[in-house]
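Trainee: My questions will all concern the structure given below.
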Amino acid sequence: MTTSTALLLADLTGVAVFAASGASAAVAKRLDLFGVAFVGFVAALGGGIFRDLVIDEVPPLAFADWRYAATAAVTALAVFWLHPQLARLRTTVLVLDAAGLALFTVTGTLKALDARVPAVGACLIGMLTAIGGGLARDLLTAEIPVVLRREIYAVAALTGSIVVVLLYVVGRTGPAPLTAAAVLVFGLRLVALRRRWSAPVATLRPPRIGGVDPRTDREW
Amino acid sequence: MTTSTALLLADLTGVAVFAASGASAAVAKRLDLFGVAFVGFVAALGGGIFRDLVIDEVPPLAFADWRYAATAAVTALAVFWLHPQLARLRTTVLVLDAAGLALFTVTGTLKALDARVPAVGACLIGMLTAIGGGLARDLLTAEIPVVLRREIYAVAALTGSIVVVLLYVVGRTGPAPLTAAAVLVFGLRLVALRRRWSAPVATLRPPRIGGVDPRTDREW
Amino acid sequence: MTTSTALLLADLTGVAVFAASGASAAVAKRLDLFGVAFVGFVAALGGGIFRDLVIDEVPPLAFADWRYAATAAVTALAVFWLHPQLARLRTTVLVLDAAGLALFTVTGTLKALDARVPAVGACLIGMLTAIGGGLARDLLTAEIPVVLRREIYAVAALTGSIVVVLLYVVGRTGPAPLTAAAVLVFGLRLVALRRRWSAPVATLRPPRIGGVDPRTDREW
């Protein structure tokens, strides 16, 4: 198996995992067969479409290579029919989701660097590639994006993308260092899940006299 | 009347119809005059803007040709002032909406093919052009997109875009076959409306012992 | 200080102000530290990313120049830690927000014109640059975009972008006329705030006999 075949397989695994996550959210929201397929497609490919638009790789891979859309569609349909069984595989799915996060972080950051995006921008694009699909999934199902409420998800991706940029700067972008970066993201996410790490939330102490309650102040 | 004039008129008809649909949703949500115009603009032109971004036709037609924005704005403002009367024209509007869906499917798929997007991607882009405005309209008005809950809407568009791709492959993209494809989408949508066709929804049987209720499991 | 330094400083001021507005909304929604930073980033840079995509300036400035992301991140984190104090600065923040609106309107419209977008499209892009971040902020926090319910916000931006296009047509794009255009947007917004100007909302008089209640009619 060549490196590029390995990368493609890894990429499609990430697509399948995120499609399953989107389809599962859509089933829970009582969307119909098409809705489940569509949310699965967006969750799997939304981050990559955004990445390709900002680095001017058009048409985005999701439209240029049929295997991406096919993988997303087949997975989403499988979830539609099999979801009661899948609910029992919750741990498996969380592990696969962490793997998808790790993978999209590394490939997204690399593609941005190859498109000559500067370092800080490439970190952001790598992270957005990894979390973008989940964001779009939650917007479509009318939820406040869950990624915004669980810090260690996106922060794991951001950490990984910073590592990839550093590896790129020192010219170490062979399979071994990149795999190590992916394993780092994967591990961070799993440890965060197991230890229930979470980020601080700001204290809301509305100033009662002469002030404005920030909970209801929608003015700015 | 030349073919390109006919195509432009058809395109602007689609824009007007979708602008009316967006403006109507905005009126129902009690948005103000600007909000109604804005949601109308997004519903009419959002799908096309997305299409033009992914096929690298920049600036998108919605910004490059003033007649598109003007049509959307005038229609949305007309709905703002006339909407009680329009409510009585519900059947007319549903028929026009089906016509808009048909039209945007055909033109969106063709533009993607002309931009050298491969077959599967062109089908997806054609469908997204047709349903994208409605999706954006529902996101702006904080609804789960209605297109995700009524299968025969997007599926009619997808069927039409597949037909257009097949016609393109066999080199039959004259006015007659393309019109036939549009009529197919239009007919599918109308029949689905009249017969109340709908797509299956997955059964939710939460495994009660040792499992996770998929309705409330937001973890993946 | 050269003109381009002045422009950059003005641009970064706008970024900081909008980041504060996004971070503030995220704090009110009980998002965590990352969520606050992310919504701040999107509110500050979302409009500009959209602008750069439609005028084909890729990668967008938000990714190409690290100072933009850094300004947004630092401001959002400051709001996270300081927000109870900031609530007392409400008037200051509203004035700064109006300044950000004015600035992004002028720079967004100019960039669209420089990218050879025609007049009507440039007006729309200028306005969308100014209001886009706020729109995205509200979508991420699951609100109907507030800009759609307060006409004089977006309309001030639209007025300013029309003035910039007119100045461009007559060849008067020196610092003085552009500053005047920004001051116009700024003034319009402040006067609208002070006088509580608002736009008309359509009357909802559901036809009771033989009609459809437009408040609940989700069909089109």
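Trainee: Roughly how many nanometres apart are two label points built 7 Å out from the Cα toward the Cβ at A:Ala180 and C:Glu143?
Mentor: It is 4.6 nm.
Trainee: Any idea how far apart B:Trp66 and C:Val169 come out in nm if each label point goes 7 Å out from Cα toward Cβ?
Mentor: About 0.6 nm separates the two model spin labels.
Trainee: With contacts defined as alpha carbon pairs under 8 Å and 6 or more residues apart, what's the relative contact order of chain A in percent?
Mentor: 21
Trainee: Also, I was wondering about something else. Tally Lys/Arg at +1 and Asp/Glu at -1 over every other residue whose Cβ is under 12 Å from the Cβ of B:Val17; what's the total?
Mentor: With Lys, Arg at +1 and Asp, Glu at -1, the neighbours total -2.
Trainee: Cβ under 12 Å from C:Tyr68's Cβ, C:Tyr68 left aside: what net charge do those residues give with Lys, Arg +1 and Asp, Glu -1?
Mentor: Here the count lands on -2.
Trainee: Using a 1.4 angstrom probe, figure out how much accessible area the stretch B:3-195 has per residue, in square angstrom, rounded to the nearest whole.
Mentor: Averaged over the residues of the stretch B:3-195, the accessible area is 36 Å².
Trainee: Further question: Using heavy-atom solvent-accessible surface (probe 1.4 Å) with all chains present, what is the largest-first order of A:Trp81, A:Trp197?
Mentor: A:Trp81, A:Trp197
Trainee: Then there's this: Mind checking which of A:Ala23, A:Ala78, A:Ala44 has the largest fluctuation in a GNM of chain A, springs on alpha carbons under 10 Å?
Mentor: In the Gaussian network model the winner is A:Ala78.
Trainee: Right, next: Please build a GNM for chain B, connecting alpha carbons under 10 Å apart, and tell me which residue among B:Gly134, B:Gly35, B:Gly47 fluctuates the most.
Mentor: B:Gly35
Trainee: While we're here: Rounded, prolate or oblate for the stretch C:31-126? Axes are the square roots of the Cα gyration tensor eigenvalues, ordered a ≥ b ≥ c, and the cut-off for rounded is a/c under 1.5.
Mentor: In terms of gyration-tensor shape, oblate.
Trainee: Choose one answer from B:Leu190, B:Leu139, B:Leu128: the residue with the largest mean-square fluctuation in a GNM of chain B with alpha-carbon springs under 10 Å.
Mentor: Sorting by GNM fluctuation, first place goes to B:Leu139.
Trainee: Once ligands and nucleic acids are excluded and a 1.4 Å probe is used, how much of A:Tyr68 is accessible, expressed in Å² to the nearest 10?
Mentor: 20
Trainee: Count neighbours as other Cβ atoms within 10 Å of each site's Cβ, and list the trypsin sites (Lys or Arg not before Pro) in the stretch B:65-137 that are DSSP loop with at most 15 such neighbours.
Mentor: B:Arg88, B:Arg116
Trainee: Express the carbon and sulfur contribution to the solvent-accessible surface of the protein assembly as shown as a percent, rounded to the nearest whole number, probe 1.4 angstrom.
Mentor: Within the protein assembly as shown, the accessible surface is 63 percent carbon and sulfur.
Trainee: Then there is this: Towards the positive end of the charge dipole of chain C, with charges on Cβ (+1 Lys, Arg; -1 Asp, Glu), say which of C:Thr13, C:Leu190, C:Thr159 has the farthest Cα.
Mentor: C:Leu190
Trainee: A follow-up question, please. Would you mind working out the magnitude of the charge dipole of the stretch C:3-195 relative to its Cα centre, with +1 at each Lys and Arg C-beta and -1 at each Asp and Glu C-beta, to the nearest 20 Debye? Don't jump to the answer; show the numbers that get you there.
Mentor: Working: 15 positive and 11 negative charges, 126 e Å.
With Lys and Arg at +1 and Asp and Glu at -1, about 600 debye.
Trainee: May I ask you to report, in nm to one decimal and beginning with the shortest, the distances from C:Leu190 to the same position in the other copies, taking label points 7 Å along Cα-to-Cβ?
Mentor: Label-point distances to the other copies, shortest first: 5.8, 5.8 nm.
Trainee: Would chain A count as rounded, prolate or oblate if I go by the C-alpha gyration tensor, calling it rounded below 1.5 in a/c and otherwise prolate when a/b exceeds b/c, oblate otherwise?
Mentor: oblate
Trainee: Please report the buried accessible area for the interface of A with B, total over both chains, probe 1.4 Å, in Å² to the nearest 100.
Mentor: Its buried surface, counting both partners, is about 3700 Å².
Trainee: Sticking with this structure for a sec: What does a probe at B:Trp197 reach in the stretch B:94-110, counting residues whose amide N is under 19 Å from the point 7 Å along Cα→Cβ?
Mentor: B:94-106
Trainee: According to the square roots a ≥ b ≥ c of the eigenvalues of the Cα gyration tensor, what is the shape class of the protein assembly as shown, taking rounded for a/c under 1.5, prolate for a/b larger than b/c otherwise, and oblate for the remainder?
Mentor: Verdict is rounded for the protein assembly as shown.
Trainee: A follow-up question, please. Top to bottom by accessible area (1.4 Å), largest first, where do A:Thr92, A:Thr71, C:Thr109 land?
Mentor: The most accessible residue leads, giving A:Thr92, A:Thr71, C:Thr109.
The values are calculated or read from the model by the stated rules, or taken from the named source; none is laboratory data. Because the structure is a prediction, the values reported are computed rather than measured. In this analysis, Cβ positions are derived from the backbone assuming ideal geometry, glycine residues included, and neighbour counts consider all displayed protein chains. Just so you know, the surface numbers come from the protein's heavy atoms only, side chains and all, with ligands and any DNA or RNA stripped out. Shrake-Rupley method; radii C 1.70, N 1.55, O 1.52, S 1.80 Å.
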